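This report concerns only the one structure given below.
The values are calculated or read from the model by the stated rules, or taken from the named source; none is laboratory data. It should be emphasised that the depicted structure is a prediction, and the values quoted were computed from it without experimental measurement. In this analysis, Cβ positions are derived from the backbone assuming ideal geometry, glycine residues included, and neighbour counts consider all displayed protein chains. When the accessible area is computed, the model is the full protein with side chains, heavy atoms only, and any ligands, DNA or RNA have been set aside. Shrake-Rupley method; radii C 1.70, N 1.55, O 1.52, S 1.80 Å.
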Amino acid sequence: MNNSQLKVGRIDYLNIWPLFHSINNSLCTDVSFVSGHPAMLNQALARKDIHVSPSSSIEYLYRAEDYLLLPDLGISAASQVQSVIFCLPFPFDQLERYAGQNGEIFLTRASDTSRALLKILWHYHWKLPSPRWRMLDPGQGLSTGKPFLEIGDHALSIFLNAHQNMHVLDLAGEWNKMTGLPFVFALWILRRDLQGRQRSVLARLARELLQARRAMPGRYHELSMLYPGTEFTPEQITDYWQKMDYGLEQEHKAALAAFGRYLSDMDEIPGMPALDFFEG
Ligand SMILES: C=C(O[C@@H]1C=C(C(=O)O)C=C[C@H]1O)C(=O)O
């Protein structure tokens, strides 16, 4: 790896694929990509192994003093996301009894934000007794035979092919029922101390990402045909991307503030930090 390159995290999920696919090749010599799931990329950002990444929104709230945000970019969903799901092998109305008997709930290690979201819904929306929270590798949920949280392509696959006996809750939908707001899963987070050449490469990348984001809605069908994976049909892919919002508007900032208030109330963060943006 060339040391002057900008190191960019790349979440290896279908939801962000079109943005990365659309980045102009002219940036390629100045940028190197590190692929992984969100929690891996959050750690890489915190350890300074990468400079910028679409990352869990909670990562910014945990360490805002180290970070800035790329303006007008994020990954949110208004009321259905399809790929952040809580799956139960029994009907939802049996969950209170299960939790009360100290039942286990499995949380994917791939996520940081959605794990916190599930706990918020658990306490403030469903008002359930505390269960035994357990961590699990991505894609292993079904094999536990117990309730589990899954995100990303594994989750989308379960959502689209839901087995009859599996009860699936979409967490963006549950959050929307509780707050009336969209939910912001990811933000484009960069290290505040980024300097010199890498800073100017990032300014170019940010412009490209914004252009790609604006062009995307008109290109969903074409992009779905170019997607190299074979697990989902072009119709499923287009429908999925259309439910996602890749901007960061006022309503998303309000949603982040609400997320921050719940997290402070649960003592996860000391308070809601300011949203500070990269200015190029
Ligand atoms: C929409 C999704 O949101 C993802 C969920 C994240 C998390 O839970 O920490 C982080 C980044 C997002 O890409 C998804 O998993 O599909």
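Worth a mention:
- Filter result (in contact with a helix residue (DSSP H, G or I) (Cβ under 8 Å, 6 or more places away or on another chain), of a type in the set (A, V, I, L, M) and within 11 Å of the ligand (Cβ to nearest atom)) within region 1-18: I11, L14
Here is a yes/no grid of residues against (1) in contact with a Ser or Thr (Cβ under 6 Å, 6 or more places away or on another chain); (2) assigned by TED's automatic domain parsing to the domain that holds A257; (3) hydroxyl-bearing (S, T, Y):
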residue	(1), (2), (3)
N25	no, yes, no
C28	no, yes, no
S35	no, yes, yes
L41	yes, yes, no
P54	no, yes, no
Y67	no, yes, yes
P71	no, yes, no
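- Selection status of L61, crowded, with 16+ Cβ neighbours inside 10 Å, touching a helix residue (DSSP H, G or I) at 6+ places or on another chain (Cβ under 6 Å) and in contact (Cβ under 8 Å) with a residue 60 or more places away in the chain: yes
- Filter pass, E235 being charged (D, E, K, R) and assigned to a loop (DSSP other than H, G, I, E, B): no
- Residue satisfying condition, being open to solvent by 10 Å² or more (accessible area, probe 1.4 Å), at pLDDT 95 or above, in contact with a His (Cβ under 8 Å, 6 or more places away or on another chain) and not assigned by TED's automatic domain parsing to the domain that holds N42, within set P138, P129: P138
- Of all residues in region 247-280, exactly one satisfies the criterion of being open to solvent by 80 Å² or more (accessible area, probe 1.4 Å) and closer than 20 Å to L19 by Cα, namely E249.
- Residue that is open to solvent by less than 10 Å² (accessible area, probe 1.4 Å) and within 16 Å of the ligand (Cβ to nearest atom), where the choices are V34, V52: V52
- Condition check for M244 on (1) surrounded by fewer than 18 Cβ atoms within 10 Å (Cβ to Cβ); (2) touching a residue at least 24 places away in the same chain (Cβ under 8 Å): one failure, at (1).
- Positions within region 74-91 being within 15 Å of the ligand (Cβ to nearest atom) and surrounded by fewer than 19 Cβ atoms within 10 Å (Cβ to Cβ), in sequence order: A78, S79, Q80
- Looking across L202, L210, one residue alone is open to solvent by less than 10 Å² (accessible area, probe 1.4 Å) and either assigned to a helix (DSSP H, G or I) or assigned by TED's automatic domain parsing to the domain that holds L73 (or both). It is L202.
- From the list L117, L160, the one residue that fits, being surrounded by 24 or more Cβ atoms within 10 Å (Cβ to Cβ), touching a residue at least 60 places away in the same chain (Cβ under 8 Å) and among the aliphatic types (A, V, I, L, M), is L117.
- Selection within region 1-30 - open to solvent by less than 50 Å² (accessible area, probe 1.4 Å), of a type outside the set (F, W, Y) and within 21 Å of E150 (Cβ to Cβ): G9, I11, L14, N15, I16
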